[in-house]
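Following: one structure in structure tokens, then a few remarks.
The values are calculated or read from the model by the stated rules, or taken from the named source; none is laboratory data. Just so it is clear, the structure is predicted and the values come from calculations on it, not from any experiment. FYI the Cβ positions are ideal-geometry reconstructions off the backbone, even for glycines, and counts take in every protein chain you see. We work out accessible area using only protein heavy atoms, side chains counted, and drop any ligands, DNA or RNA first. Shrake-Rupley method; radii C 1.70, N 1.55, O 1.52, S 1.80 Å.
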Number of protein chains: 2
Amino acid sequence: MNDNTIPNLSVDCVIFGFDSEKLNVLLLERKLDAQNGETIFCDHTLVGHHVRTGETLDESAARILKETTGLSNIYLEQFYTFGNPDRLKKTRAKLWLESIGRNPETRVISIGYFSLVNVNSVHVSYTERHAKWFDLKEIDDLGFDHKEILNKALEALQTKIKTNPLAFELLPQKFTLSHLQKIYEVVLGIEIDKRNFRKKVSQVPYIVPLKEKQQKVSHKPAQLYMFSRDIFEATKKKDFNFSF
Amino acid sequence: MNDNTIPNLSVDCVIFGFDSEKLNVLLLERKLDAQNGETIFCDHTLVGHHVRTGETLDESAARILKETTGLSNIYLEQFYTFGNPDRLKKTRAKLWLESIGRNPETRVISIGYFSLVNVNSVHVSYTERHAKWFDLKEIDDLGFDHKEILNKALEALQTKIKTNPLAFELLPQKFTLSHLQKIYEVVLGIEIDKRNFRKKVSQVPYIVPLKEKQQKVSHKPAQLYMFSRDIFEATKKKDFNFSF
DNA sequence: GCAAAAGTGTTGCTATTACACCCATGC
DNA sequence: GCATGGGTGTAATAGCAACACTTTTGC
């Protein structure tokens with residue numbers, strides 16, 4: 001490969017997207033066809049790429065995200081680095097790497113990032129390979145060691161969302177409390193009592209009600225809220241706690 | 001270099017040691033002498049080494065720890081990866097790398113691990129370079145980007161110790177409650193009320209009193225306790241919480 | 001006998017849990 | 001008018017914070 005990248009270093013992004021109901025992950029199709037057109041295998045992987053010379057790891061992750069979703073300035077966080085010498089030694093991995101002109105014998109270290117977006121704000125725009133949202137709960141296996149990377153990303157997200165205002169990264173700017181609650185439920189895999197949740201939220205100064213309600217819903221329209229980062233920064237104490 | 005290592009990949013270990021009073025970090029002296037014997041500079045760095053071919057990242061960290069402290073089977077955790085293209089571009093770093101036969105132009109990614117030991121159980125045995133414990137609070141600057149790595153390690157330790165039984169890794173097998181309390185105080189940088197602390201501890205099943213007291217102390221001898229990992233594993237709920 | 005750290009309980013306050021019914025809208 | 005999700009309060013309990021004095025040992 002002569003694309004200005006470092007052969008043994010890559011970044012993989014676990015892109016989490018919330019769609020008002022479930023937590024999704026953006027995956028690429030990994031389809032290998034034989035010369036005669038028959039499909040040798042077809043499965044899915046995370047979005048990733050080799051790191052470029054001169055690019056920081058954060059920049060590399062941001063670039064990958066931009067290329068895949070068209071989005072910039074979105075939440076990205078490094079969570080773990082995967083470097084087992086045999087992590088790319090499975091048969092499919094080797095075949096795939098050969099097919100794209102990478103040496104399957106090279107030991108590649110991959111730095112894991114996760115990012116948080118709202119699915120509706122994303123125009124999945126990766127043309128080379130089909131990018132698609134998958135319900136997290138229905139993902140069973142992935143190419144390479146990407147299932148392991150995904151598991152670790154989810155763990156990191158679960159830990160971090162309890163003490164940091166990450167939930168808002170998964171929501172549109174204006175959201176309802178039910179959607180906010182749903183995020184904690186699907187991310188942490190728990191059920192939360194609606195009244196207790198709202199009681200807690202009402203004590204939080206940076207979740208502010210707007211003078212606006214939902215439109216065109218076939219039920220009582222919900223109050224819309226926004227997250228004020230200004231108020232958060234100004235009032236944050238060390239003990240942010242959203243653990244249920 | 002021909003030592004079977006990967007030129008652009010290293011592991012740096014932040015070795016935290018508790019001495020019943022403060023939190024310490026094990027550092028190496030980085031001293032560069034000119035041909036005429038004069039010292040060009042002398043400062044300190046974390047313990048680190050390049051990753052070997054065929055070695056996992058965890059194995060690499062464990063090896064570094066073993067070489068430096070003589071200890072195996074101790075707590076080690078990967079916390080962050082540092083890969084800025086210019087992280088080794090400071091003057092001293094370049095001079096040093098040249099002096100040990102590494103190419104200062106190579107972009108090196110370093111995977112950060114922290115480990116937890118009790119200073120009394122360590123025979124600092126690194127002979128090539130002088131290894132020494134330093135009071136965490138008195139470390140101002142370090143070689144390379146190691147101060148940044150140290151800061152991030154401390155942050156990771158602070159986060160993790162609140163919800164995981166890490167404190168015991170910093171203590172000898174038999175310890176007093178005052179020592180346990182001190183760990184939370186120095187790691188988190190807070191003060192804790194003795195009675196409230198003991199009340200909490202007494203509700204924790206896996207901190208078990210022994211039939212033994214301190215010996216030869218010139219004050220009322222304290223009850224000794226141990227941590228039972230068995231009981232911890234058997235009784236752990238999702239909500240371990242040692243945040244004060 | 002004094003210096004040093006160990007050990008011990010109570011009270012007020014705050015936060016958490018559990019729980020059930022009416023409301024506004026679109027169709 | 002019915003289906004859908006929105007919105008609301010109370011009481012009991014558990015956990016947390018603040019606080020001061022006596023005990024045991026070595027020297």
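Values as computed for the structure displayed
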| item | result |
| --- | --- |
| Scope segment B:94-106; condition assigned to a loop (DSSP other than H, G, I, E, B), open to solvent by 70 Å² or more (accessible area, probe 1.4 Å) and away from chain A (no Cβ under 14 Å); matching residues | B:ILE100, B:ASN103 |
| Filtered residue count, segment B:107-123, keeping only those that are in a loop (DSSP other than H, G, I, E, B) and out of contact with any Gly (no Cβ under 6 Å at 6 or more places or on another chain) | 3 |
| Of the criteria (1) at pLDDT below 95; (2) within 20 Å of A:THR5 (Cα to Cα), which one A:SER121 fails | (2) |
| Among (1) without any contact (Cβ under 8 Å) to a residue 40 or more places away in the chain; (2) within 14 Å of chain A (Cβ to nearest Cβ) - the single one B:GLN35 does not satisfy | (2) |
| Residues (open to solvent by 20 Å² or more (accessible area, probe 1.4 Å) and in contact with a Phe, Trp or Tyr (Cβ under 9 Å, 6 or more places away or on another chain)) located in segment A:1-19 | A:ASP19 |
| Cross-chain or 6+ apart pairs with Cβ under 6 Å, segment A:1-26 first and within 14 Å of chain B (Cβ to nearest Cβ), then modelled with pLDDT under 95 and surrounded by fewer than 22 Cβ atoms within 10 Å (Cβ to Cβ) | none |
| Helices (runs of 4 or more DSSP H) within segment A:157-244 that include 2 or more residues away from DNA strand C (no atom under 13 Å from the Cβ), open to solvent by less than 70 Å² (accessible area, probe 1.4 Å) and in contact (Cβ under 8 Å) with a residue 40 or more places away in the chain | A:177-188 |
| Test result for A:LYS132, of a type in the set (Lys, Arg), at pLDDT below 95 and either away from DNA strand C (no atom under 13 Å from the Cβ) or under 14 Å from the mean Cα position of the chain (by Cα) (or both) | yes |
| Hits in segment B:1-20 (condition: of a type in the set (D, E, K, R) and in contact with a Leu (Cβ under 7 Å, 6 or more places away or on another chain)) | B:ASP12 |
